[in-house]
Amino acid sequence: MQAEPTSQVAPNIIHPKKISKFANLMTDIKKNKHYYILMSPYMLIFFTFTVIPVLFSLGLSFFYFNMLEFPRFVGWQNYSRLFLNDDVFMIALKNTFMFAVVTGPISYIACFIFAWIINELSPKVRAVMTLIFYAPSISGNVFFIWLIVFSGDRYGYLNGFLIKFGFLLEPIQWLTNEKYILTIVIVVQLWLSLGTSFLAFIAGLQTIDQTLIEAGAVDGIKNRWQELWFITLPSMRPQLMFGAVMQITGSLAVADIAIALAGFPSVNYSAHTIVTHLMDYGTIRFEMGYASAIATVLFGIMIGTNMVTQKLLRKVGE
């Protein structure tokens with residue numbers, strides 16, 4: 001009898017390399033070790049004074065801590081108190097969102113428009129105009145100037161002007177009237193908004209490849225608006241992202257202007273913001289767990305708005 005041939009399956013001799021992400025990272029570090037060595041001082045400082053405090057604050061938000069007693073775990077109690085029982089926080093949240101919605105987009109667009117216009121000037125004139133527009137954001141006496149403008153007596157510039165031309169009979173207490181104070185703070189913040197984002201946009205406009213503009217003219221771009229949308233803005237995506245982050249962070253973290261103009265606390269909390277609320281509980285009442293909960297909420301709002309903004313900016317030029 002003839003035996004039936006037995007079928008044998010050849011063993012799989014192909015063994016694909018399975019390198020973990022950690023191994024890839026270590027390979028990249030070894031390959032570019034000089035770059036990582038140069039980055040290490042900054043990364044060490046960044047993790048020590050930014051990442052670790054943020055993580056520590058997030059953990060502390062679940063505790064009651066008054067700087068005297070040992071922290072006591074309270075779970076979600078700080079957050080429930082914040083959103084359900086703290087009426088002042090809701091006022092601060094409303095003021096902060098109103099402030100951010102008005103100053104964020106307007107200051108962002110203003111930074112780019114002024115940078116775009118100034119970039120068309122000659123180099124010497126451009127340098128002078130950049131300094132003029134950037135100076136208010138680094139001026140140390142800016143609050144003093146606006147306190148004189150909105151002074152509540154006849155010597156205040158605004159009251160004096162309105163009384164002189166017959167618009168008012170008596171001076172208005174601008175900085176103690178809750179109808180005006182938030183508007184005044186918004187106006188001052190807009191005046192100060194041409195800061196880091198403005199410089200970033202100036203730098204971005206300087207680095208645009210002129211050959212792209214020439215190629216665009218050949219491909220059918222007919223005016224400066226089309227050039228702006230299809231060439232300038234896509235070429236400046238990194239600067240636009242950076243400017244958006246800076247403007248959002250600045251508009252949501254306003255505190256110094258409100259305190260300098262309206263006092264701390266302001267009348268009926270009319271200029272109270274999330275950051276001033278955080279300062280109240282963190283530096284005056286020393287309820288560090290509750291202050292950490294406020295900081296965590298603000299951090300979450302900033303992250304969310306930055307993610308939405310970056311998604312919108314990725315569509316520029318499409």
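Tabulated data
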read-out: Protection-proxy order for peptides 96-109, 157-170, each taking the mean of Cβ atoms within 10 Å per residue, highest first; value: 96-109, 157-170
read-out: Chain lengthening between PHE83 and ASP219 when straightened (0.36 nm per residue, less Cα-Cα); value: 43.4 nm
read-out: Gain on full stretching of the segment that runs from ASN66 to ASP209 - 0.36 nm per residue minus C-alpha separation; value: 45.8 nm
read-out: Read-out Cα Rg over 2.2 N^0.38 Å, derived from the coordinates shown; its label in (i) 1.42; (ii) 1.21; (iii) 0.93; value: (i)
read-out: Gain on full stretching of the segment that runs from TYR180 to ILE29 - 0.36 nm per residue minus C-alpha separation; value: 48.7 nm
read-out: Highest-first arrangement of 261-274, 78-91, where packing means the average Cβ count within 10 Å; value: 261-274, 78-91
read-out: Total lysine pairs whose alpha carbons fall under 30 Å of each other in the chain (8 or more apart, or interchain); value: 17
read-out: Whole-number percent relative contact order across the chain, with pairs defined as alpha carbons under 8 Å at least 6 apart; value: 26 percent
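Taken together, the values in this text are just the output of simple stated rules run on the coordinates, not laboratory data. Source: prediction; values computed, not measured. Reconstructed Cβ throughout: ideal geometry from the backbone, glycine too, with neighbour counts over all protein chains shown.
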